[in-house]
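The values are calculated or read from the model by the stated rules, or taken from the named source; none is laboratory data. Being a predicted model, the structure only gives us computed values, none of them experimental. We place every Cβ from the backbone using ideal geometry, glycine too, and count neighbours over all the protein chains shown. With ligands, DNA and RNA removed, areas are computed over all heavy atoms of the protein, side chains included. Shrake-Rupley method; radii C 1.70, N 1.55, O 1.52, S 1.80 Å.
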Amino acid sequence: MYLADRTWPELGEHVASESLAVVPLGSTEQHGPHLPLATDHLIAEHLAREATDRADVLCTPTVNVGVSPHHRQFHGTLWVDAPAFRDYMESLARSLSYHGFDRIVFVNAHGGNTVHLREVGRRLRDDDTAYAIEWMWNDSIPELVDDLFAQNGPHGGPKETAMIQHIAPDLVRDDELDAARDGGIADLDEADVIVNGARTFYDSIDNTENGVLGDQTDATAAKGERLFEAAADQLVQLLAWLDEQPRDALMAKPHVDPQPGSRR
């Protein structure tokens, strides 16, 4: 159920009986010469809409801009500072909790958001407002990703390319796939991003001139469909599991006895 398509009276019955909501989010950032800046939030929204339709769970509008300053040198990349992002996502989650949703899944398709969403989840759980968790599509199906691609690429690579070929094929510049591979870094092991145990880069451009990693020519729409269906199924299963959990089992556990200040 997509929240923004409904009127407020139409949501009444759902709000009265359900406590689970999904928030899709991603980024608006460079994904090389072959993919649109919308790549991450397109993937998140399509997966969230598909899974929530199957599970009859509420889906909010998508948060399209995330924490992406590490792509700032490339034209069009937008970002918000991490503290502002955390505060915004927490406030959005609290608005859902006001309507009775005490469990929330952030369907995330941008790695730069991950640690901040985890912090938001901790804040909401610590004050007993809601149980909010971050879900990343490729982390739910790592074996399939590895089986389909020899060089996955953590950014703008064949897994993201295949997903966009499946869900929004008109936005893929197929004539740029060779250039994406040849102008980027096909094998991350060749990037020398770790020196004596230290991560040496801060921005994407420190590693790759065209902004992408992996072999994009290995992507196909058929592979993207397999990724999409497998990830959507994983998300549906997560929603079913979360919906079944007692609230007390999800929220922060009490301090072990004796309780602080009990003077026992």
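Going through (1) of a type in the set (Ser, Thr, Tyr); (2) farther than 29 Å from Asp203 by Cβ; (3) open to solvent by 40 Å² or more (accessible area, probe 1.4 Å) one by one, Tyr88 falls short only on (2).
The residue that is most open to solvent (accessible area, probe 1.4 Å), among those in segment 168-218 that are more than 20 Å from Ser68 (Cβ to Cβ), out of contact with any His (no Cβ under 9 Å at 6 or more places or on another chain) and aliphatic (A, V, I, L, M), is Ile194. Report yes if some residue within segment 206-214 is farther than 30 Å from Thr52 by Cβ and in a helix (DSSP H, G or I); otherwise report no. The answer is yes; a qualifying residue exists.
Only one of (1) surrounded by fewer than 23 Cβ atoms within 10 Å (Cβ to Cβ); (2) part of a helix (DSSP H, G or I); (3) not aliphatic (A, V, I, L, M) is not met by Asn113, so which one is it? For Asn113, the failing item is (1). Restricting attention to segment 222-264, the residues that are surrounded by 10 or more Cβ atoms within 10 Å (Cβ to Cβ) and among the basic types (Lys, Arg) add up to 3.
Only residues that are open to solvent by 10 Å² or more (accessible area, probe 1.4 Å) and not in a loop (DSSP other than H, G, I, E, B) were counted in segment 1-34, giving 15. For segment 185-203, indicate whether the set of residues that are out of contact with any Leu (no Cβ under 6 Å at 6 or more places or on another chain), touching a residue at least 40 places away in the same chain (Cβ under 8 Å) and in a helix (DSSP H, G or I) is non-empty. No, segment 185-203 contains no residue that is out of contact with any Leu (no Cβ under 6 Å at 6 or more places or on another chain), touching a residue at least 40 places away in the same chain (Cβ under 8 Å) and in a helix (DSSP H, G or I). Contact annotation: no residue pair with Cβ atoms under 6 Å, 6 or more positions apart or on different chains, pairs a residue in segment 120-147 that is on the phi < 0 side of the Ramachandran plot with a partner that is open to solvent by 40 Å² or more (accessible area, probe 1.4 Å) and acidic (Asp, Glu).
Ile133 fulfils the conditions (1) of a type in the set (Val, Ile, Thr); (2) under 22 Å from Gln245 (Cβ atoms); (3) touching a Ser or Thr at 6+ places or on another chain (Cβ under 8 Å) except for a single criterion, (3).
Scanning for something more than 20 Å from Leu42 (Cβ to Cβ) and assigned to a strand (DSSP E or B), does segment 135-158 turn up at least one residue? No: segment 135-158 contains no residue that is more than 20 Å from Leu42 (Cβ to Cβ) and assigned to a strand (DSSP E or B). In the set (1) at pLDDT 95 or above; (2) open to solvent by less than 20 Å² (accessible area, probe 1.4 Å), Gly153 fails one condition alone, (1). Of all residue pairs spaced 6 or more apart or on separate chains, those with beta-carbon atoms under 9 Å, a first member in segment 46-64 that is in contact (Cβ under 8 Å) with a residue 12 or more places away in the chain and surrounded by fewer than 22 Cβ atoms within 10 Å (Cβ to Cβ) and a second member that is among the charged types (D, E, K, R) and in a loop (DSSP other than H, G, I, E, B) are Asp56/Glu18.
Among Gln237, Gln165, which is assigned to a helix (DSSP H, G or I), of a type in the set (S, T, N, Q) and without any contact (Cβ under 8 Å) to a residue 40 or more places away in the chain?
Details: Gln165 fails: without any contact (Cβ under 8 Å) to a residue 40 or more places away in the chain.
After ruling out the rest, the residue left standing is Gln237.
All of (1) farther than 30 Å from Asp87 by Cβ; (2) assigned to a loop (DSSP other than H, G, I, E, B) hold for Asp175 with one exception: (2). Quick check on Gln259: is it at pLDDT below 95 and within 30 Å of Tyr131 (Cα to Cα)? Judged against the criteria, Gln259 is a match.
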